[in-house]
Amino acid sequence: MHLDGSVTAIITGGASGLGAATARLLAARGARVAVFDFNEAQGVALADEIGGVFCRVDVTSEEQVEAGFARSRQALGQERVLVNCAGIGTAMKTASRDRKTGEIRHFPAHSFDRVVQVNLVGTFRCVARAAAGMLSLDALADGERGVILNTASVAAEDGQIGQAAYSASKAAIVGMTLPIARDLMGDGIRVNTIMPGIFDTPLLQSAPDAVKESLAASVPFPKRLGAPQEFAMLAAQMIENGYFNGESVRLDGGIRMAPR
């Protein structure tokens with residue numbers, strides 16, 4: 001898939017972090033970009049910066065996702081690229097005892113479900129809708145109609161203490177990558193997943209310097225946090241390299257996460 005002015009790309013979670021870096025890079029390479037996010041101020045600012053379109057979308061809402069795709073397609077045309085970056089994380093042990101009070105508590109099922117709804121179901125909701133739209137397109141010269149990229153995490157394999165919900169949702173994204181690629185292979189739609197490690201995103205930027213330095217030191221090489229632009233570079237490679245299909249790839253500096 002050659003990224004040029006004939007290609008429309010939708011980026012979920014595109015207003016900040018990994019999604020914003022990807023939106024900027026794809027736009028710089030010529031793609032028309034729609035930014036899906038629920039942060040309207042950041043999303044509008046980014047869309048204005050890159051000459052794209054902002055769509056206010058909560059990926060847990062069928063109605064908002066449907067409206068977002070409709071708005072993007074009306075403004076930019078049917079997308080050939082979807083990059084799913086929308087996601088959340090909640091850290092809490094399955095069950096634990098408060099060291100001071102002795103109170104026992106457990107991870108509420110509704111909190112677990114919220115993480116799964118955003119990270120997993122929200123991802124699939126957008127995948128299915130994008131794939132259906134791509135089926136309406138004429139195939140390119142190589143038979144390709146579209147490319148779908150999802151974002152998982154190294155936590156899919158190395159989940160830490162308190163990450164049961166997060167790891168389960170990300171492992172499920174990895175688990176559905178090959179079956180979806182197989183579902184769509186006959187129609188020329190490729191599907192891949194990136195599993196980022198510790199990246200310098202807004203979530204980490206608010207952490208104390210000592211915490212960030214400790215995290216950076218835990219990476220085998222290079223001993224630093226990942227840059228969102230490096231995620232975007234891999235996303236672009238997966239889009240443009242036509243032989244990339246059905247893969248889930250770690251991007252983590254060689255780290256294997258410890259229990260905590």
Inter-residue pairs, beta-carbon under 8 Å, first on the phi < 0 side of the Ramachandran plot and in segment 57-84, second among the acidic types (Asp, Glu) and assigned to a strand (DSSP E or B), 6+ apart: VAL57/ASP37
Verdict on ASP158 being within 19 Å of the chain's Cα centre (by Cα) and either surrounded by 17 or more Cβ atoms within 10 Å (Cβ to Cβ) or in contact (Cβ under 8 Å) with a residue 12 or more places away in the chain (or both): yes
Qualifying residue in segment 27-45 (condition: at pLDDT 95 or above, surrounded by 16 or more Cβ atoms within 10 Å (Cβ to Cβ), under 26 Å from GLU144 (Cβ atoms) and of a type in the set (S, T, N, Q)): no
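Of all the helices (runs of 4 or more DSSP H) wholly in segment 3-96, which have at least 1 residues that are within 17 Å of GLN229 (Cα to Cα) and out of contact with any Leu (no Cβ under 7 Å at 6 or more places or on another chain)?
Correct list: 17-28, 40-50.
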Exclusive hit being over 20 Å from PHE36 (Cα atoms) and at pLDDT 95 or above, set ILE194, ILE148, ILE189, ILE173: ILE189
Subset of segment 80-95 that is at pLDDT 90 or above and out of contact with any Gly (no Cβ under 6 Å at 6 or more places or on another chain) - its residue that is surrounded by the fewest Cβ atoms within 10 Å (Cβ to Cβ): ALA95
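The values are calculated or read from the model by the stated rules, or taken from the named source; none is laboratory data. Being a predicted model, the structure only gives us computed values, none of them experimental. Note: ideal-geometry Cβ built from the backbone for every residue, glycine included; neighbour counts use all protein chains shown.
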